[in-house]
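This report refers to the structure that appears directly beneath it.
The values are calculated or read from the model by the stated rules, or taken from the named source; none is laboratory data. Everything numeric here is computed off the predicted structure, so don't read it as measured data. All Cβ positions, glycine included, derive from the backbone under ideal geometry; neighbour counts span all protein chains shown. In case anyone asks, the SASA skips ligands and DNA or RNA and just uses the protein heavy atoms, side chains included. Shrake-Rupley method; radii C 1.70, N 1.55, O 1.52, S 1.80 Å.
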Amino acid sequence: MRHILDPLTGDLASWLAERRLPAFRGRQIRQWLFEKRAAEFSAMTDLPAKLREELAAEFCIWTTQIARHSQADDGTEKLLLQLADGGRIECVLLRDGGRRSICISTQVGCGMGCVFCASGMDGVVRNLTAGEIVEQMLRLQHLLPADERLSHIAVMGMGEPLANLDRLLAALDEAHRPDGLGISARRITISTVGLPPAIDRLTQSQSQYHLAVSLHAPNDALRNELVPVNKKIGLQKILEAADRYFEASGRRLTFEYVLLAGINDQPEHARQLAAVLRGRPALLNVIPYNPVTDLPYQTPAPAAQKRFREILEQAGINVQFRERKGDKISAACGQLRRVTPG
């Protein structure tokens with residue numbers, strides 16, 4: 001059966017045209033899926049009964065099953081989804097004031113090998129389809145009451161988004177279409193460890209998404225240890241590609257930096273980082289490490305975090321420290337994985 005949420009294979013418009021059905025039926029179906037949050041075709045009550053039956057025979061809405069639903073006291077919710085082939089991914093809903101943000105995955109596992117991240121502990125199995133990416137959005141949307149809607153999307157879950165760029169862009173198009181989730185491109189952030197050719201492809205797509213580049217180290221020697229894929233790339237090429245994206249899109253860049261106790265949190269690291277970023281219209285988003293079971297890394301002490309921040313601010317760097325949310329259910333940055341322990 002075809003996945004109706006997959007813009008690359010669902011092809012609902014052609015299916016309707018083959019049956020000589022009016023185009024407005026497609027608009028009705030999309031409204032049921034994205035706005036009215038129908039979980040099955042039989043709920044689409046303004047469609048003819050025969051059409052609902054034919055849709056159910058030809059298409060599926062869900063290709064995943066919810067293997068686990070975790071909730072934290074801060075309002076964060078996490079879904080462990082089992083895919084049709086048995087693979088598993090995680091995605092997260094975060095509440096912050098009036099914001100309803102989601103963090104979604106693009107791959108089963110991750111092949112970038114960041115040594116402190118749970119997502120890549122077992123490597124990468126495959127890319128997600130565009131439909132599987134959209135399905136995460138709707139699964140998380142269904143956790144909200146009817147009077148609330150999703151406001152922001154962070155493509156910061158499992159996987160390297162730019163390693164699955166074509167399918168990701170197709171899925172995000174569904175997210176910001178007026179007859180989709182209606183989320184402004186300015187409220188969608190794509191996070192990457194930095195793949196220059198793919199960043200350039202994103203630039204050429206003329207998208208208006210935020211780009212967040214995960215640095216994690218201020219020099220190549222340390223970054224090679226923390227982000228092994230850097231050995232084939234190097235910081236300079238990543239920064240140059242990020243600059244080209246900024247020039248083409250006009251969007252402020254974000255650089256992310258996971259702060260690891262005793263490894264990349266020393267004053268000399270802060271000074272080197274300031275030198276790397278100086279002159280760039282960018283925000284530095286510092287993420288104090290969220291501990292991961294089976295990994296040896298630690299969160300820096302508050303004093304070390306304060307010292308790191310002060311050095312950057314004194315150097316004129318626009319810096320913010322990310323508030324920790326969802327860590328009690330292993331839903332914080334760097335904690336998503338294919339199998340939730342426990």
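Can we say residue 189 is assigned to a helix (DSSP H, G or I), closer than 30 Å to residue 34 by Cα and open to solvent by 20 Å² or more (accessible area, probe 1.4 Å)? Step through it out loud before you land on a result.
Values: assigned to a helix (DSSP H, G or I): no; closer than 30 Å to residue 34 by Cα: yes; open to solvent by 20 Å² or more (accessible area, probe 1.4 Å): yes.
Spelling it out, it is not the case that residue 189 is assigned to a helix (DSSP H, G or I), closer than 30 Å to residue 34 by Cα and open to solvent by 20 Å² or more (accessible area, probe 1.4 Å).
Residue by residue, here is whether (1) of a type in the set (D, E, K, R); (2) surrounded by 16 or more Cβ atoms within 10 Å (Cβ to Cβ); (3) touching a residue at least 24 places away in the same chain (Cβ under 8 Å) holds:
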| residue | (1), (2), (3) |
| --- | --- |
| 72 | no, yes, yes |
| 77 | yes, yes, yes |
| 92 | no, yes, yes |
| 95 | yes, yes, no |
| 104 | no, yes, yes |
| 107 | no, yes, yes |
| 115 | no, yes, yes |
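Pick out the one residue from 51, 55 that is in contact with a Phe, Trp or Tyr (Cβ under 6 Å, 6 or more places away or on another chain) and farther than 16 Å from residue 157 by Cβ. Quick ask: steps written out before the conclusion?
Working: 51 fails: in contact with a Phe, Trp or Tyr (Cβ under 6 Å, 6 or more places away or on another chain).
After applying the criteria, what remains is 55.
For residue 41, all conditions in the list (1) open to solvent by less than 50 Å² (accessible area, probe 1.4 Å); (2) within 19 Å of the chain's Cα centre (by Cα) hold save one; what is the number of the exception?
Failing condition for residue 41: (2).
The conditions are (1) in contact with a Gly (Cβ under 9 Å, 6 or more places away or on another chain); (2) more than 21 Å from residue 235 (Cα to Cα); (3) open to solvent by 10 Å² or more (accessible area, probe 1.4 Å), and residue 178 fails exactly one of them. Which is it?
Checking residue 178 against (1) in contact with a Gly (Cβ under 9 Å, 6 or more places away or on another chain); (2) more than 21 Å from residue 235 (Cα to Cα); (3) open to solvent by 10 Å² or more (accessible area, probe 1.4 Å), the one that fails is (1).
Give just the number: which of (1) under 21 Å from residue 167 (Cα atoms); (2) touching a helix residue (DSSP H, G or I) at 6+ places or on another chain (Cβ under 8 Å); (3) assigned to a strand (DSSP E or B) does residue 111 not satisfy?
(3)
Name the single residue, out of those in segment 108-145 being farther than 22 Å from residue 180 by Cβ and not hydrophobic (A, V, I, L, M, F, W, C), that is modelled with the highest pLDDT.
Applying the first criterion (farther than 22 Å from residue 180 by Cβ) to segment 108-145 yields 108-126.
Within this subset, residues satisfying the condition of being not hydrophobic (A, V, I, L, M, F, W, C) are 109, 111, 113, 119-120, 122-123, 126.
Numbers: 109: 93, 111: 93, 113: 91, 119: 85, 120: 81, 122: 81, 123: 89, 126: 97.
Checked segment 108-145; the qualifying residue modelled with the highest pLDDT is 126.
Say we look at segment 298-342 and pick out the residues that are open to solvent by less than 40 Å² (accessible area, probe 1.4 Å) and among the β-branched types (Val, Ile, Thr); which of these is modelled with the lowest pLDDT?
340
Yes or no, residue by residue, for (1) within 25 Å of the chain's Cα centre (by Cα); (2) open to solvent by less than 40 Å² (accessible area, probe 1.4 Å); (3) of a type outside the set (Val, Ile, Thr):
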residue	(1), (2), (3)
246	yes, no, yes
267	no, yes, yes
274	no, yes, yes
277	yes, yes, yes
284	yes, yes, yes
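All but one of (1) touching a strand residue (DSSP E or B) at 6+ places or on another chain (Cβ under 9 Å); (2) within 20 Å of residue 131 (Cα to Cα) hold for residue 76; state the number of the condition that does not hold.
Just one mismatch for residue 76, condition (2).
Within the group 236, 206, which residue is in a helix (DSSP H, G or I), among the polar types (S, T, N, Q) and open to solvent by 20 Å² or more (accessible area, probe 1.4 Å)? Please lay out each step first, then the result.
Values: 206 fails: in a helix (DSSP H, G or I).
It is 236.
Just one of the numbered conditions (1) open to solvent by 30 Å² or more (accessible area, probe 1.4 Å); (2) among the small types (Gly, Ala, Ser); (3) assigned to a loop (DSSP other than H, G, I, E, B) is not true of residue 217; which one?
For residue 217, the exception is condition (1).
Would you tally the residues in segment 174-185 being out of contact with any helix residue (DSSP H, G or I) (no Cβ under 9 Å at 6 or more places or on another chain) and farther than 20 Å from residue 25 by Cβ? Break it down into steps so the answer makes sense when it comes.
Our first condition is that a residue be out of contact with any helix residue (DSSP H, G or I) (no Cβ under 9 Å at 6 or more places or on another chain); within segment 174-185, this holds for 178.
Of the ones still in play, those that are also farther than 20 Å from residue 25 by Cβ are none.
Total satisfying the criteria: 0.
So which residues in segment 84-97 are farther than 16 Å from residue 153 by Cβ and not acidic (Asp, Glu), if there are any at all?
Quick first cut of segment 84-97, residues farther than 16 Å from residue 153 by Cβ only: 84-88, 97.
Those that are farther than 16 Å from residue 153 by Cβ and not acidic (Asp, Glu): 84, 86, 87, 88, 97.
Only one residue in 20, 52, 25, 2 is surrounded by 13 or more Cβ atoms within 10 Å (Cβ to Cβ), over 30 Å from residue 99 (Cα atoms) and without any contact (Cβ under 8 Å) to a residue 24 or more places away in the chain. Which one?
Going through 20, 52, 25, 2 in turn, just one is surrounded by 13 or more Cβ atoms within 10 Å (Cβ to Cβ), over 30 Å from residue 99 (Cα atoms) and without any contact (Cβ under 8 Å) to a residue 24 or more places away in the chain: 52.
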